[in-house]
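Read through the structure below, which is laid out as structure tokens, and then see the notes.
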Amino acid sequence: MSNTDFAVAIEDLTVSFDGFKAIDNLTLYIDKNELRVIIGPNGAGKTTLLDLICGKTKASSGSIKFRNEELTGLDEHIRVRRGIGRKFQTPSIYENLSVFQNLEVSYPAGRSVFGALAFKRTDEVKARVQVVAEEIGLADALEMESGLLSHGQKQWLEIGMLLMQEPELLMLDEPIAGMSARERELTAELLKRICKGRSVIVIEHDMEFVKQIAHKVTVMHQGKILAEGSMEAVQADPKVIDVYLGH
Ligand code: ADP
Ligand code: MG
């Protein structure tokens with residue numbers, strides 16, 4: 001496979017914060033339709049890697065290609081338009097709006113809240129909201145005020161807000177933190193469904209969860225890749241046990 005066949009091709013990527021390399025000459029390739037999980041100890045650089053891909057942080061050197069186009073140098077909003085969706089650790093839904101409205105304002109045609117509320121609810125938007133609401137298990141809660149949703153439902157709503165934009169790359173940072181066991185199961189099912197037709201990168205600590213969802217696991221340590229492969233291979237790797245799983 002040549003490097004141009006990957007959905008995401010990251011090569012020799014480095015970012016320094018006052019001389020400290022949070023990402024250190026990292027090379028990583030992700031396929032289309034792949035669900036990649038990134039694990040590693042706190043401070044390994046996992047969140048920083050997502051920041052670099054979505055454009056929140058600028059790379060010091062190296063390349064990030066998405067569908068064979070260079071991303072470094074592009075602003076965050078342009079990367080969103082190119083099809084990159086990023087979910088942060090804390091959900092950023094509009095608590096006083098309904099589930100429907102949160103999804104509606106996330107439709108690409110009406111990105112700002114005010115514009116979108118004035119925006120006529122076209123059949124196209126309604127249909128898309130319905131599809132996404134079913135995907136995230138909130139079809140029965142469309143008229144509910146979002147602030148009243150459970151913690152897990154709020155996380156799903158935020159994933160739904162990203163899905164409204166039909167991203168080709170979706171990145172989720174610790175999506176199951178604080179969820180109940182049942183919510184974790186449902187999230188695993190959700191992630192397995194939504195990686196079809198796109199690439200998904202998930203940062204997660206819960207190894208049972210990782211085992212359920214991962215196609216391949218990348219282990220990061222000190223801004224570098226320590227190991228990469230199947231869950232079984234990575235779990236049996238003495239380097240990984242030493243710096244991460246052994247604790
Ligand atoms: P992880 O998500 O794997 O726990 P992070 O990517 O959050 O790790 O952090 C990696 C390292 O980079 C940490 O040592 C962190 O303190 C540092 N770091 C992250 N962002 C910044 C920043 N904007 N300025 C300075 N240091 C940062
Ligand atoms: Mg992090």
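The values are calculated or read from the model by the stated rules, or taken from the named source; none is laboratory data. All values reported here derive from a predicted model rather than from experimental measurement. For neighbour counting, all protein chains shown are included, and Cβ atoms are generated from backbone atoms with ideal geometry for every residue, glycine included.
Quickly run through the stretch 1-54 and pick out the residues that are farther than 21 Å from ILE194 by Cα, more than 16 Å from ligand 2 (Cβ to nearest atom) and surrounded by 22 or more Cβ atoms within 10 Å (Cβ to Cβ). Answer for the stretch 1-54, where residues must be farther than 21 Å from ILE194 by Cα, more than 16 Å from ligand 2 (Cβ to nearest atom) and surrounded by 22 or more Cβ atoms within 10 Å (Cβ to Cβ): ILE10, LEU13. Scanning the stretch 121-151 for residues that are within 17 Å of SER92 (Cα to Cα), modelled with pLDDT under 95 and either surrounded by 14 or more Cβ atoms within 10 Å (Cβ to Cβ) or over 23 Å from the mean Cα position of the chain (by Cα) (or both) gives no hits. Of all residues in the stretch 76-85, those that are in contact with an Asp or Glu (Cβ under 8 Å, 6 or more places away or on another chain) and either among the small types (Gly, Ala, Ser) or modelled with pLDDT under 95 (or both) total 2. A Cβ distance below 7 Å, combined with a sequence gap of six or more or placement on separate chains, defines the contacts here; from the stretch 198-210, residues that are aliphatic (A, V, I, L, M) reach residues that are part of a loop (DSSP other than H, G, I, E, B) in the pairs VAL202/PRO175; ILE203/GLU174; VAL210/GLU204. VAL80 meets all of the listed conditions (1) out of contact with any helix residue (DSSP H, G or I) (no Cβ under 6 Å at 6 or more places or on another chain); (2) over 15 Å from LEU170 (Cβ atoms) but one, namely (2). Report whether or not GLU95 is part of a loop (DSSP other than H, G, I, E, B), more than 16 Å from ligand 2 (Cβ to nearest atom) and either under 30 Å from GLY246 (Cα atoms) or modelled with pLDDT of 95 or more (or both). Against the criterion (part of a loop (DSSP other than H, G, I, E, B), more than 16 Å from ligand 2 (Cβ to nearest atom) and either under 30 Å from GLY246 (Cα atoms) or modelled with pLDDT of 95 or more (or both)), GLU95 qualifies.
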